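J.: Please find one structure pasted underneath; my questions will follow.
The values are calculated or read from the model by the stated rules, or taken from the named source; none is laboratory data. These numbers come from a predicted model, not from an experiment. Counting neighbours? That spans all protein chains shown, and the Cβs are built from the backbone with ideal geometry, glycine included. Surface areas here come from the heavy atoms of the whole protein model, side chains and all, with no ligands, DNA or RNA. Shrake-Rupley method; radii C 1.70, N 1.55, O 1.52, S 1.80 Å.
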Amino acid sequence: MKMNKKWLVLGAVSFSALAVAACSNKSSESQSKPISMPTTYSAPEKATKAGNDSTLNAAEVVDAPFTGITLAVLQDNVEDSDVYSPGGGDQLFKSNKDFKIVKGGLANLKLDRKNNTATITIRKNARWSNGSPVIAKDVEYAYEIIGNQNTTAQQYSADMATIKGMAAYHKGKAKSISGITYPHGQNGKQVVISYTHLSPAMQYAGNSFLWGTVVPYNHIKNVKISKLSSAPAVRKHPIFVGPYKLHNQVQGESTAWVPNKYYWGQQPKIKHINIQVVSSSNAAAAFKAKKYDFALGGLPASQYKSVKDIKGYTLAGAPGLSYGYFGFNVGHFDTKKNKNVMDKHSKMGNKNLRKAMLYSVDLDKVNKKLLSGVQWRPNTLIPPIFKKYHDSKAAGFPYDMAKAKKLLQEAGYKKKGKWYVQPNGKKLTIHFGAMQGSAASNEISRYEVQQWRKLGLNVQMTNGRPLEINSFYSILGEPKQNKIDVFVGGWQLTYEPTPTQFYGEDATYNMGHFVTKKNTKLLNSLNNNKAWNQKYRIKQFKKWQVYMNKEAAYAPQSTLLSFTPVNHRVKNFKQAAYNNYLFPTFWDQLELTSRDLK
């Protein structure tokens, strides 16, 4: 399973969001909770040859073309993962219901705590979709891509630097990673990775210490790592290890798939898969017109009522590993030291200002009145699906306008006319960056601006409107920028909740550039030697959540039920917490009972 966390657009509420702006100082609504929904659907009829010989049509609901990067190690948005998922997502390992890595995947994993090594053994019959074998170099080269100075991959962090020689390679002081070796040569089936220490997170899929996907080295070896994301071998002529191979694609719009005869697992039943991008505003109508069997990434929360009773479909859903968050720009990224740095006099550096903005938005009322429990306000940056680690007792930031105003005044912010000014008397204009989405998600962004202006802060949207997703992240990805002061982003997590990649000192994804010694110490404590003791690890996770809420440089905004209508001709559909369609137990299990949708 991949360790990378991807961005996405969350928070799709209806056009009437502004109408529910709270009149009282405190929210009268309790924190909303998700509705219940079956996680699976399987048509009661038997699968038929006519059905399986036909085409399964899946929707990818997104309001922009997908980027078209097929290599998992380079992907940084969930849409690319979705549309190329029949190819298997380059996945190495299999995991159980508790997210723990088990035997039976493309490769098996053995951790040796005494010698601080991880041994990856590739199955003998593992092949790429062009027939070439999966080799040890395919495992190792992913680490070279991640650690390369000129890479476009964004997975490097201090966790990855625990591999011996990785830091030197990352700094350009070594041409290879000394801690990764091949007992049977590069063309063999085994890789041994030596670490300074092993971490408990490494037992679980998606951890940030052990990369969970392969790359086709011989297929891409002649392309510079810096050019990989745009190379024809990646964009136009990719190869895969999963149950399907790419038949054709319309760049940014659709992908089409046929069975991969070299797949190491059982051959898939359905002969043709089509995945089509559908805008969020057209998704409900498309399902009512029976154009799709299901939606890969689920539907916007605001469309729940529109699709819950469509004839010929049953809803399947599960609490997701995705969440939306507020981020505040408090520093910059030092490109020479490859570290985030907090700026002492940054506009958003005052934690009372940040907290005031969080308390002034009534997310509970919006979610309860408009989203029927499909979306709700989380209380920490660890989603509740991680029951062991999530701090359910944390209050988070429930609506309290009076408290918001008091926090500003206590910090020395004073009203000068309509707006608050900074404690030093200088004008305060705050630029808000939000991603463009459906009319609904755009409306909740306007609602947030309205509430902040109601508080007395002169908040304006960057460029005057929600930003196209690639423009949004292009700005935030700059080492130093002043176009966005506060933003709403979203992450699609993996099965292991260690947040170093998001909020660590050297994390590329730490786009608000929050860095403190205590944060670094707490993040490190989640995977030190003491953390092999589960009680200690749980305690440290909860300490980190309390600390992050106290600092409020990042704060939870929304999480939701990932749900989709499933057509009644589909058998063996599972809506798992994470993108289950990336794993060998989804696409190769699906069957169809009829040629046409019901």
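J.: Taking a cut-off of 14 Å between Cα atoms, list the aspartates and glutamates near residue 261, but don't count ones fewer than 8 places away on the same chain.
T.: The reachable aspartates and glutamates, counting only those whose Cα sits under 14 Å from residue 261, are 588.
J.: Same structure, new question: Over 10 Å intervals from 0, what percent of Cα-Cα pairs in the chain sits in each interval?
T.: 3, 17, 28, 27, 17, 7, 1, 0
J.: A follow-up question, please. For residue 434, which sequence-distant residues (separation of 5 or more, or a different chain) have an amide H within less than 5 Å of its own amide H, given hydrogens modelled in the peptide plane?
T.: Here 462, 467 satisfy the definition.
J.: Spin-label point model (7 Å from Cα, Cβ direction): what's the residue 471 to residue 305 distance in nm?
T.: Label at residue 471, label at residue 305, 3.2 nm between them.
J.: Would you kindly derive the ³J(HN,Hα) couplings of region 531-538 from the backbone phi angles with the Karplus curve 6.51 cos²θ - 1.76 cosθ + 1.60 (θ = phi - 60°), listing them in order in whole Hz, with x for Gly and Pro?
T.: 6, 5, 7, 4, 4, 4, 4, 4
J.: Add +1 for every Lys or Arg and -1 for every Asp or Glu among the other residues with Cβ under 12 Å from the Cβ of residue 42, and state the total.
T.: Net charge around residue 42: +2.
J.: Here's something else I'd like to know. If we count every other residue with Cβ under 11 angstrom of residue 313's Cβ, Lys/Arg +1 and Asp/Glu -1, where does the sum land?
T.: Every neighbour counted, the sum reads +4.
J.: Over the Cα atoms of region 318-558, what radius of gyration and what Dmax do you get, in Å?
T.: Rg, Dmax (Cα atoms, Å): 17.6, 56.
J.: Within region 72-116, name every residue whose backbone N is under 16 Å away from a label modeled 7 Å from Cα of residue 254 along the Cβ vector.
T.: Answer for this model: 83-84.
J.: Work out, step by step, the length gained on full extension between residue 533 and residue 450: first 0.36 nm times the residue separation, then minus their alpha carbon distance; give nm to one decimal.
T.: Gain on stretching residue 533 to residue 450: 25.2 nm.
J.: What are the residues whose amide H is under 5 Å from the amide H of residue 188, where those residues sit 5 or more places off or on another chain and H is modelled from the backbone?
T.: Here 136, 137 satisfy the definition.
J.: Tell me, what % of the accessible area of region 89-228 is carbon and sulfur with a 1.4 angstrom probe?
T.: Result for region 89-228: 46 percent of the exposed heavy-atom area is carbon or sulfur.
J.: Ordered by residue, what ³J(HN,Hα) values in Hz, to whole numbers, does region 240-248 give under the Karplus form 6.51 cos²θ - 1.76 cosθ + 1.60, where θ = phi - 60° and Gly and Pro are x?
T.: Coupling constants for region 240-248: 9, 10, x, x, 10, 10, 5, 8, 6 Hz.
J.: Something else about it: Using a Förster radius of 51 Å, what is the FRET efficiency between residue 480 and residue 285 based on their Cβ-Cβ separation? Nearest 0.05, please.
T.: Approximately 0.70, to the nearest 0.05.
J.: Name the long-range amide H neighbours of residue 295: under 5 Å, sequence gap of 5 or more, or other chain; modelled H, no Pro or chain starts.
T.: 59
J.: Please say if region 114-238 is rounded, prolate or oblate, where rounded means a/c under 1.5 for a ≥ b ≥ c the square roots of the C-alpha gyration tensor eigenvalues, and otherwise the choice is prolate for a/b larger than b/c and oblate otherwise?
T.: Taking the square roots of the gyration eigenvalues as a ≥ b ≥ c, region 114-238 is oblate.
J.: Over region 445-598, give the accessible area per residue in Å² for a 1.4 Å probe, as an integer.
T.: Numbers: 5190 Å² over 154 residues.
Result: 34 Å² of accessible area for each residue.
J.: Here's another thing I want to ask about it. Straight-line reach only, C-alpha to C-alpha below 17 angstrom: list the lysines that residue 337 could link to, leaving out same-chain residues fewer than 8 apart.
T.: 171, 173, 480, 517
J.: What does the charge dipole of the chain about its Cα centre add up to, to the nearest 20 debye, if the Cβ of each Lys and Arg holds +1 and the Cβ of each Asp and Glu holds -1? Walk me through the numbers on the way to the answer.
T.: Values: 83 positive and 38 negative charges, 299 e Å.
It comes to approximately 1440 debye.
J.: Between residue 406 and residue 271, what length comes free when the chain is fully extended (0.36 nm per residue of separation minus the Cα-Cα distance, one decimal in nm)?
T.: Extending this stretch completely gives an extra 42.3 nm.
J.: So what are the ³J(HN,Hα) numbers for region 260-268, from phi and the Karplus equation (6.51, -1.76, 1.60; θ = phi - 60°), rounded to whole Hz, Gly and Pro as x?
T.: 8, 5, 9, 4, 6, x, 5, 5, x
J.: Return one whole number: the accessible area per residue of region 89-228 in Å², for a 1.4 Å probe.
T.: Using a 1.4 Å probe on heavy atoms only, each residue of region 89-228 averages 42 Å².
J.: Let me check I've understood the local charge: for residue 233, count other residues with C-beta under 15 angstrom from its C-beta, Lys and Arg +1, Asp and Glu -1. What total comes out?
T.: Around residue 233, the surrounding residues sum to +4.
J.: Be a star and scan region 225-244 for residues whose amide nitrogen sits under 18 Å from the point 7 Å along the Cα-to-Cβ vector of residue 152.
T.: Counting backbone N atoms under 18 Å from the label point, the list is 225-239.
J.: With each label point set 7 Å from Cα along the Cα-Cβ vector, what nm distance links residue 429 and residue 218?
T.: Taking the two extended label points, one gets 5.9 nm.
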